[in-house]
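Below: the structure, in structure tokens.
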There are 2 protein chains.
Amino acid sequence: MTLETSLIVSALRNWRSNVDRAGKLFGNLSQEQLLQEVAPGKNRVIYLWGHLTASNDALIPLLGLGARIHPELDLMFVSNPDRTVPTVPTILLGEDLKIIWQETTQILWTGFSKLSVADWLQKHGAVSEEDFLREPHRNRFTILLARTAHIAYHLGQAKLSERVQT
Amino acid sequence: MTLETSLIVSALRNWRSNVDRAGKLFGNLSQEQLLQEVAPGKNRVIYLWGHLTASNDALIPLLGLGARIHPELDLMFVSNPDRTVPTVPTILLGEDLKIIWQETTQILWTGFSKLSVADWLQKHGAVSEEDFLREPHRNRFTILLARTAHIAYHLGQAKLSERVQT
């Protein structure tokens, strides 16, 4: 394995580790727990999960790996704050999010494996050719790292809603 | 810049971005806010800040960049849960943590700049030569990525304690 491949593999492992931790944490919560706020007056756990799921879904086109599979999630979980848009009952159950989480993870993971080192350092989908010439750090790899931290950020919040088993 | 250097620079930028966000968030909280729990019955904000500061400090020897400068933080913020060890009053003010946060950031940032690509892929300080042969991913770069996610994880929690300015 070349040095640069080792670096990318490390970053992919880190992304996957956080995705798996999030999937496990959210997937094991009861509906009652999903509807709890992570702290008084703050987002509900279901919102964080939907937000991260929509974010993963949006990563597919951002990294040039295909089209989104659930763009409708943005209305509830990205464009608007929690509780301002009626949530679809099946989403509330968390079962849909669990499936979409697995689907997006699989699509991304398969797509990642097809990217070369040079591909990772190419521009991501939300930056123009012109801007990328001036700011070459706005590449796919930077997005991967930033999104890993984004998952960890909300995972830490969701973790607060776990109860000690009695 | 070589491909592998670009990858490392991206990871360093991501680490620094999270460190700076954390330093700004914690550093701007009042003493009253630092003593608040991030959610009912959970860690106080001061504990999260001390925990991340101790973690940064421990990163210095783990990456082979020198000796820790404040190992005494571990007793209060790592080895024991929040509120089980009396905190030193000056630490409670947050002023000491603010200084130590800046100091450890500076030491790490300077140390990072001296590491070559090959250095980043060498084993970190908590893995034996023997284990590293079997598990070459247990390198400095992996630690950098994992610690970035660790900062983001607790940053997300601390963010919950921020109040909307009225």
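All of the numbers you see were taken from the coordinates with simple rules; none came from a lab. Here the structure is a predicted model, which means the values were calculated and not measured. Note that we place each Cβ from the backbone using ideal geometry, even for glycine, and neighbour counts take in every protein chain shown.
The table for this structure:
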{"read-out": "Above-threshold pairs, the threshold being 23 Å between Cα atoms, out of B:K98/B:K159; A:K42/B:K24; A:K24/A:K123; A:K98/A:K159", "value": "A:K24/A:K123"}
{"read-out": "Nm distances between copies for A:Q102, ranked from closest, using label points 7 Å along Cα→Cβ", "value": "5.1"}
{"read-out": "Simple Cβ-charge dipole of the protein assembly as shown, Lys/Arg +1 and Asp/Glu -1, about Cα centre, in debye nearest 20", "value": "40"}
{"read-out": "Charge dipole (debye, nearest 20) of segment A:50-166; +1 at Cβ of Lys and Arg, -1 at Cβ of Asp and Glu", "value": "300"}
{"read-out": "Net charge of neighbours whose Cβ lies under 14 Å from the Cβ of B:I151, counting Lys and Arg as +1 and Asp and Glu as -1", "value": "+4"}
{"read-out": "Folded to 0 to 90 degrees: helix B:3-27 orientation relative to chain B principal axis, Cα", "value": "10"}
{"read-out": "Cα-based helix-to-principal-axis angle, B:45-62 vs chain B, degrees rounded to 10", "value": "20"}
{"read-out": "In order through segment A:118-134: 3J(HN,Hα) via Karplus (6.51 cos²θ - 1.76 cosθ + 1.60), integer Hz, x for Gly, Pro", "value": "4, 4, 4, 8, 7, 5, 8, x, 9, 10, 6, 4, 5, 5, 5, 4, 7"}
{"read-out": "Of A:L121, A:L97, A:L62, the one that fluctuates the most in a GNM where chain A has Cα springs shorter than 10 Å", "value": "A:L121"}
{"read-out": "Gaussian network model of chain B, Cα within-10 Å springs - most flexible of B:F132, B:F112, B:F141", "value": "B:F132"}
{"read-out": "Gyration tensor verdict on the protein assembly as shown (Cα atoms; rounded if a/c is under 1.5, prolate if a/b is larger than b/c, oblate otherwise)", "value": "oblate"}
{"read-out": "Those trypsin sites (Lys or Arg not before Pro) in segment A:66-121 that DSSP places in a loop and that have at most 13 other beta carbons within 10 Å", "value": "A:R83, A:K114"}
{"read-out": "Sequence-separation-based contact order of chain A, relative, with Cα cut under 8 Å and 6+ spacing, percent", "value": "31"}
{"read-out": "0 to 90° range, to nearest 10: angle between helix A:140-159 axis and chain A longest Cα axis", "value": "20"}
{"read-out": "Listed residues A:A67, A:A54, A:A118, most fluctuating in chain A (Gaussian network, C-alpha, under 10 Å)", "value": "A:A118"}
{"read-out": "Dipole magnitude of segment B:1-76 about its Cα centre (Cβ charges: Lys, Arg +1; Asp, Glu -1), debye to nearest 20", "value": "200"}
{"read-out": "Residue order, fewest to most beta carbons within 10 Å, for B:R140, B:R134, A:R16", "value": "B:R134, A:R16, B:R140"}
{"read-out": "Farthest toward positive dipole pole in segment A:83-138 [+1 Lys/Arg, -1 Asp/Glu at C-beta], among A:A118, A:I107, A:P136", "value": "A:I107"}
{"read-out": "Per-residue [θ]222 nm for chain B (sum of -39500 (n - 2.57) over DSSP H runs n ≥ 4, rounded to 500)", "value": "-19500 deg cm²/dmol"}
{"read-out": "Estimated distance in nm for a label pair at B:K24 and A:A126, the labels positioned 7 Å out from Cα along Cα-to-Cβ", "value": "1.7"}
